[in-house]
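Contents: one structure, followed by commentary.
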Amino acid sequence: MGYTVFLDRDGVINRDSSAYVKSPSEFVFIEKSPEAVALLTRHGFDVFVITNQSVIGREMTTPQDLNRIFTKMTDGISAKGGCIRDIFYCPHTPDAGCSCRKPLPGLIHKARNAYDINLGQSCMVGDSAKDIECAKNAGCGASVLVQTGNGEQAGKVLETKSIHPDFVARDLYAAACWIVKSLS
């Protein structure tokens, strides 16, 4: 397997919401994010989504509705020529004590085990401190912080923890361009 890119969902691929994304109608792509996944796909990267989805644990939506949201996302990305190889999500609330909720590395390790991924040849792209921390905790070779979603606040949090992403991008498309140029 070649180089792997892990993407957070909310705030990276689609607009985040303080009220959570609970239905397909609430899922709205961030400009050029489907094209970004298409760019990665064209350059031979395997792309996975790694996302906390406590809307399930909070009983704000059902697993069926979450799957409909994922279908809207993957269909929109496919329409632009991109491919999400698989989606791994944590359904638990922050206080559940699970090992799969970012910043813990459980979801990335689950993907690694399922697809025999070399984490040293992987990159995590996220908009929050927990995404970048997850990349470090999992042993990803690189991490990119995007400034969409919670990116600006995340940069400040990471600075206080002396954690530094390998690149800071304005959005997923800029992140994809950097990944193609720097990690191919």
*Residue by residue through the range 74-107, note down the ones that are among the hydroxyl-bearing types (Ser, Thr, Tyr) and closer than 15 Å to Phe6 by Cβ.*
Tyr89
*asked:* Against the definition (in a loop (DSSP other than H, G, I, E, B), modelled with pLDDT of 95 or more and either of a type in the set (S, T, N, Q) or more than 17 Å from Ala19 (Cβ to Cβ) (or both)), how does Ile50 come out, yes or no?
replied: no
*Would you check which residues across the range 26-47 are buried (at least 22 other Cβ atoms within 10 Å of the Cβ) and aromatic (Phe, Trp, Tyr) and list them?*
Phe45
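May I ask you to list the residues in the range 139-151 that are modelled with pLDDT under 95 and not in a loop (DSSP other than H, G, I, E, B)? Talk me through it step by step, then tell me what you get.
Filtering the range 139-151 for residues modelled with pLDDT under 95 gives 148-151.
The one that is modelled with pLDDT under 95 and not in a loop (DSSP other than H, G, I, E, B): Gly151.
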_Here's a check for you: in the range 18-47, which residue that is aliphatic (A, V, I, L, M) and outside any helix (DSSP H, G or I) is modelled with the lowest pLDDT?_
Ala19
_Selection within the range 57-70 - in contact (Cβ under 8 Å) with a residue 12 or more places away in the chain and either of a type outside the set (D, E, K, R) or buried (at least 18 other Cβ atoms within 10 Å of the Cβ) (or both)_ = Gly57, Met60, Thr61, Pro63, Leu66, Ile69, Phe70
*Can you name the condition, by its number, that Cys90 falls short on among (1) within 28 Å of Cys177 (Cβ to Cβ); (2) buried (at least 22 other Cβ atoms within 10 Å of the Cβ)?*
(1)
*Can you name every residue in the range 72-104 that is among the polar types (S, T, N, Q) and touching a residue at least 24 places away in the same chain (Cβ under 8 Å)?*
Thr93
*Take Ile132 and decide whether it is touching a helix residue (DSSP H, G or I) at 6+ places or on another chain (Cβ under 8 Å), without any contact (Cβ under 8 Å) to a residue 40 or more places away in the chain, surrounded by 14 or more Cβ atoms within 10 Å (Cβ to Cβ) and closer than 21 Å to Thr4 by Cβ.*
yes
*Could you say whether any residue in the range 109-125 is at pLDDT below 95, assigned to a loop (DSSP other than H, G, I, E, B) and either among the small types (Gly, Ala, Ser) or buried (at least 18 other Cβ atoms within 10 Å of the Cβ) (or both)?*
no
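Only one of these is without any contact (Cβ under 8 Å) to a residue 40 or more places away in the chain, hydroxyl-bearing (Ser, Thr, Tyr) and surrounded by fewer than 20 Cβ atoms within 10 Å (Cβ to Cβ): Ser18, Ser23, Ser54. Name it. Walk me through it before giving the result.
Numbers: Ser23 fails: without any contact (Cβ under 8 Å) to a residue 40 or more places away in the chain; Ser54 fails: without any contact (Cβ under 8 Å) to a residue 40 or more places away in the chain.
None of the other options fit; the residue is Ser18.
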*From the list Ala175, Ala154, pick out the single residue that is surrounded by 19 or more Cβ atoms within 10 Å (Cβ to Cβ), assigned to a helix (DSSP H, G or I) and in contact (Cβ under 8 Å) with a residue 40 or more places away in the chain.*
Ala175
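The values are calculated or read from the model by the stated rules, or taken from the named source; none is laboratory data. Quantities reported herein were computed from a predicted structural model and do not represent experimental measurements. Backbone-built Cβ (ideal geometry, glycine too); neighbour counts: all protein chains shown.
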